[in-house]
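The values are calculated or read from the model by the stated rules, or taken from the named source; none is laboratory data. Everything numeric in this text was worked out from a predicted model, so none of it was measured. Using ideal geometry, Cβ is built from the backbone for each residue, glycine included, and neighbour counts are taken over all protein chains shown. In case anyone asks, the SASA skips ligands and DNA or RNA and just uses the protein heavy atoms, side chains included. Shrake-Rupley method; radii C 1.70, N 1.55, O 1.52, S 1.80 Å.
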Amino acid sequence: MHLPKAPSPDDVSDGPESGMAARRWARSLYWRGWTVSQISTELGIPYQTIGSWKRRDGWAKAAPVDIVDDRIEAKIATLLDKEPFTEGDMKRVDFLMRQMERTARIRKYTESGKEGDLNPNIERRNDDKAKAKREEKRKNRLTREQWQALLDDFHDHNFGHQKVWWEQRDQRTRKILKSRQIGATWYFAREAVAKIAEAVLAGEQPRNQIFLSASKRQAMKFRREIVGWVKRVTGVDLKGDPMMLDLSDLVDEAGYPLALDPVGLYPLSTNSNTAQGESGDFYFDEFFWAVGFAQLRKVAAAMATHTIYKRTYFSTPSTKTHQAYAFWSGEEWNSGRPKNQQQFFDLTHKALKDGAIMPDGSWCQIVTVHDAVAQGMGDLIDVEELRVESSEDEFRNLYECEFVDDAASSFPWRLLRPAMVDSFYTWRDFHPAHVEVPGLRPFEDKPVWLGYDPNKQGRDDAALAIIAPPERAGVGKFRILDKYKLNGLDYQGQADRIRQLAAVYNVTDIAIDVTGGHGQAVYEIVRRWFPQARKIEYSLASKAAMVIKAQNLFRTGRVEFDQGWTDVLQAFMAIKPTLTASGKGVTYTSPRNGVIGHADIAWACMHAFSNEPLDVEHAASGAGASVVAFSD
């Protein structure tokens, strides 16, 4: 082996540096297996001096890492002194330097006992950057104190009827028929989180919470309520869809780990193909308006098959012809049972005002607007104002939980039901969130038609519908992409809002009713920047034509709208044929109420539909056309 030149014996002295080279050389030889006598002879240093160095420096007690480090250092020195210094020597030196880094880590680990000092990968996993990244992934994490704060805030803000719902939270099945605007969605979104908080604080494993709505858009209301509430109370911004809550770091009051698994908050639409696979407590929102309820209830029930899971159904009433009515009324439960085993379901408000257990084991309740006001909502709801703004039939339906008789409607439930789709999954080319994002177009460059129904009789209930026309006239489907209530705006403000929305769509037609109200003024402003705007003047003939056109579109399955839009459904259902004052003609009217106005959104849609002629299907099918054959 090639060894570097040994230090001169003349370097030996008692100074702190002059004898250091010889001393290190002697130590290195000792660690290579040389005896003190051999080292003395090799270096020409007295035996007694070598022996003294050995005792004082503890050569015989050296750690293996010190010996390895010395050998690597000697090898590097040998290679660096080598002539010529080749590329291979350079690679060897690089390899040996990396070995020295490893021995340095071993030495540090021996002193600290930290695995991160030994393994650079572990060290990187525990550095500030890695910790920040892990913290980013674990955003949905609340402390015990934050869970307590949520539970306290939940109880502090409930009204009387909501406190009753909380008392009945452990019922296996709850069915609640409710008035509009009494805070049901707001409450049940918070109840789901409060139940998780209650379990966590008791040291128990919480259950998943599942929210079923008529559409994904509607289901996301639960998510928005939860995110906003948790952010306000704790400062934590929940993320994800579903939102998985990290419970891994929670401890009990004594400081011992609870070892809880993550729990999820799942907002789902009532699509039988997607609303399955999860297990937990579920909340079925507006189940009286869900399409295909019978099938969806089977899917929903499967989510809560185990008896530990709770099922909550709540909704405003729709019609008695809806599939959910048999579920509510007990007809479904009694069906197929012998007459002597069938039982009566008392569905009167008197029987269910405070809630009652029904023969099928479910807890049922009816909560009218009067009940909600009597239990604390009087400062938020003016019943007399609602009564003035509504027809008697509409008031009983919307606020007193009476079911609608749609037999006289021009657009009964059975006609409208096939048009209801989950737009989130069905319309993959439409992105409503892009409306508010500068530079983005929610429907790209595809054409849309706008229908506008002005406010009449001094009411601020103007409506604007954005309709995607069929790609092929007379054959394809109309899609009601979006809808807006232009409340609180004068005619200039309404025209400006129409222009603002038109800027993000490729608008090819705008239809404006100019009969009364702000219609004429809005039309005059809009046509300045959209000269081809159509003016609609109401008459018996024009209203009949629009209704007949819309009926035909629904009957032939050529209309789609989001199944969470119960206001669109109610607006069309509110339109009924009535005799004119003279009794000689038929017109179409819609009693006003505070939710759907004079069916404004329905009329706005029909204004847009009218851009397609009544006989377009006849023309599209080629009926009546002659065929001329040519031959050679």
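Considering only Cα-Cα distances, which of the following residue pairs are longer than 31 Å: K298/K543; K178/K535; K178/K216; K75/K108?
With Cα atoms farther than 31 Å apart: K298/K543; K178/K535.
Points 7 angstrom from Cα along the Cβ direction at L118 and K239: gap in nanometres?
The answer from the label model is 3.4 nm.
How far is helix 600-609 tilted, in degrees, relative to the longest principal axis of the Cα atoms in the chain, given as a value from 0 to 90 rounded to the nearest 10?
On a 0 to 90 degree scale, this one is about 90.
Measure nothing but the geometry: give the 0 to 90° angle between the long axis through the Cα atoms of 144-156 and the longest principal axis through the Cα atoms of the chain, rounded to 10°.
So the helix axis and the longest Cα principal axis differ by about 20 degrees.
Give me the Kirkwood hydrodynamic radius of region 392-469, using the inverse of the mean 1/r over all pairs of distinct Cα atoms, in Å to one decimal.
16.3 Å
³J(HN,Hα) across region 382-396 via Karplus (A = 6.51, B = -1.76, C = 1.60, θ = phi - 60°), whole Hz, x for Gly/Pro?
Ordered by residue, 3J(HN,Hα) equals 9, 4, 5, 5, 4, 5, 5, 7, 10, 6, 4, 5, 5, 4, 5 Hz.
Pulled fully out, how much extra length does the chain show between L80 and D261, if you take 0.36 nm times their separation in residues and subtract their Cα-Cα distance?
59.3 nm
Rank H431, H306 by accessible area, highest first, at a 1.4 Å probe radius?
Output order, biggest surface exposure first: H306, H431.
Tell me, what is the Rg over Rh of region 135-196, with Rh the Kirkwood radius over Cα pairs?
With Rh from the inverse mean 1/r over Cα pairs, Rg/Rh is 1.05.
How compact is the chain by the rule of thumb for globular proteins, expressed as Cα Rg over 2.2 N^0.38 Å?
1.56
Sort 331-338, 606-613, 71-78, 492-499 for me by packing, meaning the mean count of neighbouring Cβ atoms within 10 Å per residue, highest on top.
Averaged packing, sorted descending, gives the order 606-613, 492-499, 71-78, 331-338.
Estimate the FRET efficiency between T348 and S542 by the formula 1/(1 + (r/R0)^6), using the beta-carbon distance for r and 41 Å for R0, to the nearest 0.05.
Here the calculated transfer efficiency is 0.40.
Quick check on my link table: of K485/K549; K129/K239; K446/K549; K320/K576; K350/K483, which ones sit more than 30 Å apart, alpha carbon to alpha carbon?
Distance filter (> 30 Å) returns K350/K483.
Calculated FRET efficiency, H434 and Q295, Cβ-Cβ r, R0 25 Å, to nearest 0.05? Let's see the in-between values first.
Working: r = 33 Å, r/R0 = 1.31.
That pair, H434 with Q295, gives E of 0.15.
Please identify every one of the GluC sites (Glu not before Pro) in region 165-212 that sits in a loop by DSSP and has no more than 12 other beta carbons within 10 Å of its own beta carbon.
E204
What percent of all Cα-Cα pairs in region 185-289 falls into each 10 Å bin, going from 0 up to the bin containing the maximum distance?
Result, from short to long distances: 15, 46, 30, 8, 1 percent.
Taking R0 as 45 Å, what FRET efficiency do you get between T35 and V251 from their Cβ-Cβ distance, rounded to the nearest 0.05?
So, using R0 = 45 Å, E works out to roughly 0.15.
Sequence-distant or interchain residues sharing an amide H contact under 5 Å with D482, placed H: which?
Amide H to amide H, under 5 Å and 5 or more residues apart or across chains, D482 pairs with I466.
So what is the accessible area of the chain per residue, in Å², with the probe set to 1.4 Å?
For the chain, the solvent-accessible area averages 50 Å² per residue.
Over the chain, what percent of the accessible surface lies on carbon and sulfur atoms, probe 1.4 Å?
50 percent
Mind giving me the nanometre distance, one decimal, between the label points for E145 and W166, set 7 Å out from Cα along Cα→Cβ?
2.3 nm
Calculate, in nm to one decimal, what S52 and W529 gain on full extension: separation in residues at 0.36 nm each, minus their alpha carbon distance.
Taking S52 through W529 to full extension adds about 161.4 nm, to one decimal.
What are the ³J(HN,Hα) values, in whole Hz, obtained from phi via the Karplus relation 6.51 cos²θ - 1.76 cosθ + 1.60 with θ = phi - 60°, for each residue of region 568-577 in sequence order, with x given for Gly and Pro?
With coefficients 6.51, -1.76 and 1.60, one gets 5, 4, 5, 5, 5, 5, 6, 7, 9, x Hz.
Assign unit charges at the C-beta atoms only (+1 for Lys and Arg, -1 for Asp and Glu), then state the dipole size of the chain relative to its Cα centre in Debye, rounded to the nearest 20.
Rounded to the nearest 20 debye, it is 1140 debye.
Can you give the % of DSSP beta bridges in region 193-306 that are antiparallel, to the nearest 5?
Among the beta bridges of region 193-306, antiparallel pairing accounts for roughly 30 percent.
Among 393-399, 253-259, 141-147, 440-446, how do they line up from the highest to the lowest mean number of other beta-carbon atoms within 10 Å?
Top to bottom by mean Cβ count within 10 Å: 393-399, 141-147, 440-446, 253-259.
Residue separation times 0.36 nm, minus the C-alpha to C-alpha distance between E204 and V388: what's the value?
61.2 nm
By how many degrees, between 0 and 90 and to the nearest 10, does the Cα long axis of helix 184-201 differ from the longest principal axis of the chain?
With rounding to tens, the tilt is 30 degrees.
Quickly estimate the mean residue ellipticity at 222 nm for the chain, helices only: each DSSP H run with n ≥ 4 gives -39500 (n - 2.57), and the total goes over all residues, rounded to 500.
So the helix-based figure for the chain works out to -12500 deg cm²/dmol.
Modelling each spin label as a point 7 Å along the Cα-to-Cβ direction, I'd like the S279/D66 distance in nm, to one decimal.
Placing both labels 7 Å beyond Cα along the Cβ direction yields 6.2 nm.
Going by Cα centres, region 426-502 and region 344-404 are how many Å apart?
First find each Cα centre; the distance between them is then 34 Å.
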